[in-house]
Amino acid sequence: MSEDLTQTTPEKLGKYEYYRLGSTTLKALKKHKFYRGPLKKEDELRKPDGIIYYPGVGIKAVIEVKQPSELTRGTLPRWVKKYSPIAAAVCNVLIITDGNKSYWYNPHTESPIITTDGKKLREVFNPKPLAFDNMPQEKVLELNDLFDQADQMLSKANNQLIKAKIIDPTPLAETVWQKIWITTGKEPEKCLYNVVEIFVFKFLSDIGVLKGIESFPQVLSLKDNDDENAPLNYYAKIVRPKIIELFPKGDDKTTIINGTIFVNEEGLPNKTMSSLFNSVLKDFKDFDRKNGSMRHIDREFKTRLFETFLRQSAGVKSLGQYFTPRNVVRSMVRMSNADKLPDNARICDPFCGVGGFVLETIAEYPKIMKMFEPVNGKVSPAFTIRGYDKGSDEKDDERTIILAKANMLIYLSDLLSKYHNENYLKEFSIGAFNSVFHLIRDNLGTFAKVHDAPYDLILTNPPYVTSGSKTLRENIISRNLGDYYENTGRGTEALAIQWIINHLKPEGKAFVVVPDGLMNQESILTYIKDKCFIRTVIALPSRTFFSTPKKTYILEIEKKKNIMESQSDAVFCYIISEIGETRDARRLPIKENDLIKAEKIHRYFSILHDPQLPALLEDPRAAAIPWQEFDALDTWLIERLWTPDERKALGIDESNIELEEEGFYSLIQEIMQDLNNFLGVIDEN
């Protein structure tokens, strides 16, 4: 073996290694399997200064180190000419560096490597920090990413790094979910757990976190074994514990995976599902062969992963309660202007479900997404962001918050692709998944968190299609929490509004989806007016939500600094007819989306507060209701402010609503619940 290779200890560079050479020939590197391809006779005796080596795979770059005085604009062409043949013989990248400046070249063309935005790649590669193991981890991962891209994209015909292919795995998700559901007959949410778990497994393998014996290809290779149980057995005993280790549980004892179809409650393989597991692996393999890896996932897939399963009839019944349609969520997030909040701001969804409001807020605003990018090895966002969900010690009660954490992993997949060593993944668990989402193991759920610090912004869709509000109030009183909730309003939505207002900072804002039942309760409307300024009321169409024909509204409120202040500004009102998707079980995209127009006018009106705003006056769906007029209203069912003829002209006369059988039964149940709530209030009085 060459003296360089025997005396040199490679310096770690993420998943790569840097070898300082000098006297080692390419022939020697090939002999010792650093390079496994063909080598021309004239290249055998060429000697690189250093190499970037991917263990077990091969050389990914040749490094030539010069003194600063040797590396000038005048001398650079000579060095490129001299060293390109060395690099071209074994890889796609030549880096010439003096430690302060670096030049990246395609050795096949002797031309500079061009970045995705058309500039010459000048990322500094300085080997010295590697010797002392003090190169920042962010820098290490950035270099890893560049080596990955260059290896895949550069050739004799191409000098430019190409933007990563964005994958939309929706068809795969639908196929796998349907297969698991039909085969097992389990509840849709249990099937969804397992779809997400295998997605996480494949993603972690594709980004290089699960490698070697823990990788997807390794588990897949066991399918060729005569033992049908081998892949699932190996996954359950070797790979799954590794994933759990990478993503430690939070204080609420939940993590990102907890599927219980392929494994049992103890994590042991459920061998009756071995055939199904093998079939799912094949589906992922086939998708990979046709589309490529899952390193970069389409945002629409991230956004609509869970909605995808609601298009199945089983999903509508079982999962619909967890979801606010994503077009509605996005509009509320955009109207919130969350990125304009001050440093150290606090944002919350107190009834978060699978995390849509929280995650769309992060995804919508690059400023907030960047807060989750590691700095000095830590994930420590400047904003405090919280999502709460109710649960108990029962495993089934953990499902929603686990889905929320897994959902966050998928939303942050681009960051995890970039920062993908084990230490970073644990940091994402601590500083992102477990910091943001919390399961409250209490019968009162969020209503028990009366001492939570106040927030600058609350975005939420509280529970309202739920029975038992009288029991909740009794529980609140028995726990000596009655002082935090006034005995006003009916249903859980009235309790939710009180929690929200109590937990807003002065001048803090809330965007809340509320049912029509709350909007005609005089006592709760008075309570809101006493505590807050009413900024916006937007009427949503019937069947906006998957599982109910109930009418709902978006309510924007701002907490008063001084409770004695009186409102003078007009209230922005808007009527929505279409939300960008059909309002049936299929939820197919359509062009008509009144939410976009509402957002635009809201943006102008929230700045100018001008009832004569041209955009407002020109849109028959919009109105700025003077405060004196709004304050006198008995209900906030704002569509009644338009005449019947005006509503008919807008196509929003819903006096006759056609219902499917399932929708009819749902409506009857809601009417019965409202009556029970009303009778409960009478009994209390």
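Listed residues Leu415, Leu403; which is assigned to a helix (DSSP H, G or I), surrounded by 21 or more Cβ atoms within 10 Å (Cβ to Cβ) and aliphatic (A, V, I, L, M)?
Leu403
Filter the stretch 150-176 down to residues that are buried (at least 19 other Cβ atoms within 10 Å of the Cβ) and under 19 Å from Ala61 (Cβ atoms), then give me how many there are.
Adding up the residues that qualify gives 4.
What do you reckon, is Met335 assigned by the TED database to the domain that holds Ala453 and under 26 Å from His503 (Cα atoms)?
In short, yes.
Tyr103 is checked against (1) in a loop (DSSP other than H, G, I, E, B); (2) within 43 Å of the chain's Cα centre (by Cα) and fails just one. What number does that condition carry?
Only one criterion is unmet by Tyr103, namely (1).
Do we have Gln612 as more than 20 Å from Lys509 (Cβ to Cβ), over 26 Å from the mean Cα position of the chain (by Cα) and not in a loop (DSSP other than H, G, I, E, B) here?
For Gln612, the condition - more than 20 Å from Lys509 (Cβ to Cβ), over 26 Å from the mean Cα position of the chain (by Cα) and not in a loop (DSSP other than H, G, I, E, B) - is not met.
Inside the stretch 39-58, can you point out the residues that are modelled with pLDDT of 90 or more and not in a loop (DSSP other than H, G, I, E, B)?
Selection gives Gly50, Ile51, Ile52, Tyr53.
To keep it simple, each residue is scored yes or no on (1) in contact (Cβ under 8 Å) with a residue 60 or more places away in the chain; (2) in contact with a Ser or Thr (Cβ under 6 Å, 6 or more places away or on another chain); (3) surrounded by fewer than 20 Cβ atoms within 10 Å (Cβ to Cβ).
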residue	(1), (2), (3)
Leu45	no, yes, yes
Pro48	no, no, no
Gly58	no, no, yes
Ser69	no, no, yes
Leu76	no, no, yes
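Just to be sure before I move on: is Asp442 crowded, with 16+ Cβ neighbours inside 10 Å and of a type outside the set (Gly, Ala, Ser) in the structure I sent?
So Asp442 fails the test.
Report whether or not Ile368 is in contact with a helix residue (DSSP H, G or I) (Cβ under 9 Å, 6 or more places away or on another chain), surrounded by 24 or more Cβ atoms within 10 Å (Cβ to Cβ) and farther than 20 Å from Ile500 by Cα.
Taking the combined requirement at face value, the residue does not satisfy it.
When the stretch 109-125 is examined, which residues are found to be in contact with a strand residue (DSSP E or B) (Cβ under 7 Å, 6 or more places away or on another chain) and assigned to a loop (DSSP other than H, G, I, E, B)?
Ile113, Leu121, Arg122, Glu123, Val124, Phe125 - these are the residues of the stretch 109-125 that are in contact with a strand residue (DSSP E or B) (Cβ under 7 Å, 6 or more places away or on another chain) and assigned to a loop (DSSP other than H, G, I, E, B).
Test each condition in (1) closer than 26 Å to Leu21 by Cα; (2) charged (D, E, K, R); (3) not in a helix (DSSP H, G or I) for Asp145 and report the one that comes out false.
(3) is the only condition that Asp145 fails.
Being touching a strand residue (DSSP E or B) at 6+ places or on another chain (Cβ under 8 Å) and in a loop (DSSP other than H, G, I, E, B) is the filter; apply it to the stretch 59-82 and report the residue that is farthest from Gly212 (Cα to Cα).
The residue in question is Leu71.
Looking at Thr471, Thr552, Thr492, Thr460, can you tell me which residue is on the phi < 0 side of the Ramachandran plot and under 25 Å from the mean Cα position of the chain (by Cα)?
Thr460
The values are calculated or read from the model by the stated rules, or taken from the named source; none is laboratory data. Nothing here was measured: the structure is a model prediction, and the numbers come from that model. Note that we place each Cβ from the backbone using ideal geometry, even for glycine, and neighbour counts take in every protein chain shown.
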